[in-house]
1. Out of the range 1-96, which trypsin sites (Lys or Arg not before Pro) are coil in DSSP terms and have no more than 16 other C-beta atoms within 10 Å?
2. Which lysines have a Cα lying under 22 Å from the Cα of K3, excluding residues fewer than 8 positions away in the same chain?
3. Which value, in debye to the nearest 20, gives the size of the charge dipole of the chain about its Cα centre, when Lys and Arg are +1 and Asp and Glu are -1 at the Cβ?
4. Picking from A18, P68, S5, whose Cα lies most toward the positive end of the charge dipole for the chain (charges on Cβ: Lys, Arg +1; Asp, Glu -1)?
5. Tell me, what ³J(HN,Hα) does each residue in the range 36-45 have, in order and in whole Hz, if you take phi through Karplus 6.51 cos²θ - 1.76 cosθ + 1.60 with θ = phi - 60° and put x for Gly and Pro?
6. What are the ³J(HN,Hα) values, in whole Hz, obtained from phi via the Karplus relation 6.51 cos²θ - 1.76 cosθ + 1.60 with θ = phi - 60°, for each residue of the range 49-60 in sequence order, with x given for Gly and Pro?
7. DSSP loop (so not H, G, I, E, B), at most 15 other Cβ within 10 Å: list which GluC sites (Glu not before Pro) in the range 1-70 pass both filters.
8. Can you give the helix-only mean residue ellipticity at 222 nm for the chain, where every DSSP H stretch with n ≥ 4 adds -39500 (n - 2.57) and the sum goes over all residues, rounded to the nearest 500 deg cm²/dmol?
Amino acid sequence: MNKRSEALASRLEAGAKALAEFAETLSDAEWQMPLGKDGRKIGVVVNHVASVYPIEIHLAELLASGQPVTGVTWDGVAKMNRDHAAENGAPEKKATLALLATSSAAAAAAVRALSDEELDRAAPVSLHSDATLTCQFMLEYHAIRHSCQHLAGIRAAVGR
C-alpha cells in the first residue's frame with residue numbers, strides 16, 4: 001500500500017465524513033436554508049459536493065497520466081454549479097447522504113490506486129491559469145478541500 005495515496009484518501013474520507021455527520025444533525029429548515037453569498041440551499045450544496053467527486057478525480061487522473069487539464073474554467077465551474085442547483089433544488093437528505101458516502105468512497109478508492117510517481121506528475125491546468133500542477137495538488141485543492149470548505153460555510157450559516 002502506498003503511504004502517500006493512503007494518507008490523501010484518508011483525508012478525503014475524513015472531510016466527507018465530517019460533512020455527512022454535521023449534515024445529519026440539520027433540521028429540515030436548516031437543510032433548506034440558503035448559504036449567504038452563495039445563495040444555494042444547504043442541502044443543494046451537500047448534494048453538490050457528493051456529485052462532483054467523480055469530476056474532481058477525473059481531472060486529477062488526467063494529471064496522473066501526464067495529460068493537461070484543458071478547457072476547464074472558473075466560469076464553467078460556476079455554470080456547472082448553477083445548473084446543478086437548478087436541477088437539484090430540493091434534494092432529499094437521506095439520498096444525498098447516501099450519494100455522499102458512495103461517491104466519496106469511490107473517490108478515495110481511486111486516490112488509493114495512485115502511485116507516488118502519478119501523484120508527482122504535473123501538467124498545465126486551465127482552471128489555474130495553465131500553471132503546471134501536480135496530481136497531488138489537484139487532489140488536495142479540489143477533492144480533499146471541497147467538503148471542508150463547504151462544511152465551514154454551512155456551520156457559519158447555521159451558527160454552530
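1. K37
2. Leaving aside lysines fewer than 8 places away in the same chain, those within reach of K3 are K17.
3. Numbers: 16 positive and 19 negative charges, 86 e Å.
Approximately 420 debye in magnitude.
4. Working it through, the farthest residue towards the positive pole turns out to be A18.
5. Once rounded to whole Hz, the list reads x, 5, 4, x, 6, 5, 4, x, 5, 5.
6. The phi angles translate into 4, 4, 6, 9, 3, x, 5, 4, 5, 4, 5, 5 Hz.
7. Answer by residue number: there is no such site.
8. On the way: 8 runs with 106 residues, N = 160.
After summing the helix terms and dividing by residue count, I get -21000 deg cm²/dmol.
Every read-out reported here was derived from the displayed coordinates using simple, explicitly stated rules and does not represent laboratory data. Being a predicted model, the structure only gives us computed values, none of them experimental. Don't worry about glycine lacking a Cβ; one is built from the backbone with ideal geometry, like all the others, and counts go over all protein chains shown.
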